[in-house]
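This report concerns only the one structure given below.
The values are calculated or read from the model by the stated rules, or taken from the named source; none is laboratory data. What you see is a predicted model; the values in this text were computed from it and never measured. Please note: Cβ atoms are built from the backbone with ideal geometry, for glycine as well, and neighbour counts cover all protein chains shown.
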Amino acid sequence: MKLKVFSTDGSSSKEQEFAQFPTFEGDKGVAALRQVVLAHQANARQGNASTKTRAEVAGSGKKLFRQKGSGTARQGDRRTPHQRHGGVAHGPKPRDFSQKINRKMKALAFQRALFERANEGGISVIEAVEVKEPKTKLFSNVLNGVLPTRGKVLIVDDAFENNAALAARNIEGVSLSEAGNLSTLDVVRYRHILVSAKGIETLIARANGGEK
């Protein structure tokens, strides 16, 4: 897989081949990618929505009026679901939405996500994510050189230098993630991912089942 590699200041670039970068033919891994993304989203749900049933709402259990002779429809007590301030029928209750994904499916989805994003030109490499001073303007100039027209950008590094982390945190639409913590959902969510040279090594090692 060929990726564009930028200099540290973003002023120049070149094409570089990354031989170990995951590649696919056909639809292999697409179903796994979809399932893992859904699992990530499901696992983020709190599942604490709760409504009261007719047994839990406050109110009298007395029948509103006699069964016959009123000239209107028969009614029960005030706590029935169709009455104002009554209970809720089939409403949500606290539940666990989490899904378990096995290791092989998770690894396959991560590989496919990297391949899809790189294939669309969404992954760029920079020699190092660093600036001389912790100033937002310096980091913004680097980004403008690498991605002149950008939306949300994810910056990935093996371990962020303190100046770079401080300079990037105030830029709108820019997020930071360490390569060891990057998830499949992160790769899918961001259209532009800028990875340091050390970071891309870690991602390739992870994609190939390495411990790095």
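Are there any pairs, at least 6 apart or on different chains, whose C-beta atoms fall under 7 Å, with the first in region 41-68 and on the phi > 0 side of the Ramachandran plot and touching a residue at least 40 places away in the same chain (Cβ under 8 Å) and the second among the charged types (D, E, K, R) and in a loop (DSSP other than H, G, I, E, B), and if so, which?
Partner pairs satisfying both residue conditions: Gly47/Arg95; Gly47/Asp96.
Among the residues of region 180-203, which ones are of a type outside the set (Asp, Glu), in contact with a Lys or Arg (Cβ under 9 Å, 6 or more places away or on another chain) and in a helix (DSSP H, G or I)?
Matches in region 180-203: Gly180, Thr184, Val187, Val188, Arg189, Thr202.
Quick one: in region 21-57, which of the residues that are more than 24 Å from the chain's Cα centre (by Cα) and exposed (fewer than 13 other Cβ atoms within 10 Å of the Cβ) is farthest from Phe139 (Cα to Cα)?
Step by step, filter region 21-57, then rank; the result is Ala55.
Given the condition over 23 Å from Lys4 (Cβ atoms) and among the hydroxyl-bearing types (Ser, Thr, Tyr), answer yes or no: does some residue in region 173-188 qualify?
Checked against the condition, which is being over 23 Å from Lys4 (Cβ atoms) and among the hydroxyl-bearing types (Ser, Thr, Tyr), region 173-188 yields at least one hit.
Within region 1-35, can you find the residues that are outside any loop (DSSP other than H, G, I, E, B) and touching a helix residue (DSSP H, G or I) at 6+ places or on another chain (Cβ under 6 Å)?
Phe6, Ala32, Leu33, listed by residue number.
I'm checking my understanding of the structure. Among residues of region 68-85 that are within 13 Å of Ala55 (Cα to Cα) and surrounded by 11 or more Cβ atoms within 10 Å (Cβ to Cβ), which one is nearest to the chain's Cα centre (by Cα)?
Among those that are within 13 Å of Ala55 (Cα to Cα) and surrounded by 11 or more Cβ atoms within 10 Å (Cβ to Cβ), it is Pro81.
Name the single residue, out of those in region 113-169 being farther than 19 Å from Ile200 by Cβ and in contact (Cβ under 8 Å) with a residue 60 or more places away in the chain, that is surrounded by the most Cβ atoms within 10 Å (Cβ to Cβ).
Within region 113-169, the match that is surrounded by the most Cβ atoms within 10 Å (Cβ to Cβ) is Asn141.
Which one of the conditions (1) in contact with an Asp or Glu (Cβ under 7 Å, 6 or more places away or on another chain); (2) in a helix (DSSP H, G or I); (3) of a type in the set (Ser, Thr, Tyr) does Ser177 fail to meet, given that it meets all the rest?
Going through (1) in contact with an Asp or Glu (Cβ under 7 Å, 6 or more places away or on another chain); (2) in a helix (DSSP H, G or I); (3) of a type in the set (Ser, Thr, Tyr) one by one, Ser177 breaks only (2).
Restricting attention to region 3-19, report how many residues are exposed (fewer than 13 other Cβ atoms within 10 Å of the Cβ) and closer than 24 Å to Arg189 by Cβ.
Residues flagged as exposed (fewer than 13 other Cβ atoms within 10 Å of the Cβ) and closer than 24 Å to Arg189 by Cβ within region 3-19 amount to 0.
Listed here are the residues, each with its yes/no results for (1) at pLDDT below 90; (2) touching a strand residue (DSSP E or B) at 6+ places or on another chain (Cβ under 9 Å); (3) more than 21 Å from Phe24 (Cα to Cα); (4) among the aliphatic types (A, V, I, L, M).
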{"position": "Lys93", "(1), (2), (3), (4)": "no, no, yes, no"}
{"position": "Lys100", "(1), (2), (3), (4)": "no, no, yes, no"}
{"position": "Ala113", "(1), (2), (3), (4)": "no, no, no, yes"}
{"position": "Asn119", "(1), (2), (3), (4)": "no, no, no, no"}
{"position": "Val125", "(1), (2), (3), (4)": "no, yes, no, yes"}
{"position": "Phe139", "(1), (2), (3), (4)": "no, yes, yes, no"}
{"position": "Asn144", "(1), (2), (3), (4)": "yes, no, yes, no"}
{"position": "Arg150", "(1), (2), (3), (4)": "yes, yes, yes, no"}
{"position": "Ile155", "(1), (2), (3), (4)": "no, yes, yes, yes"}
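Return yes when Val30 is closer than 20 Å to Val187 by Cβ and not acidic (Asp, Glu) and no when it is not.
yes
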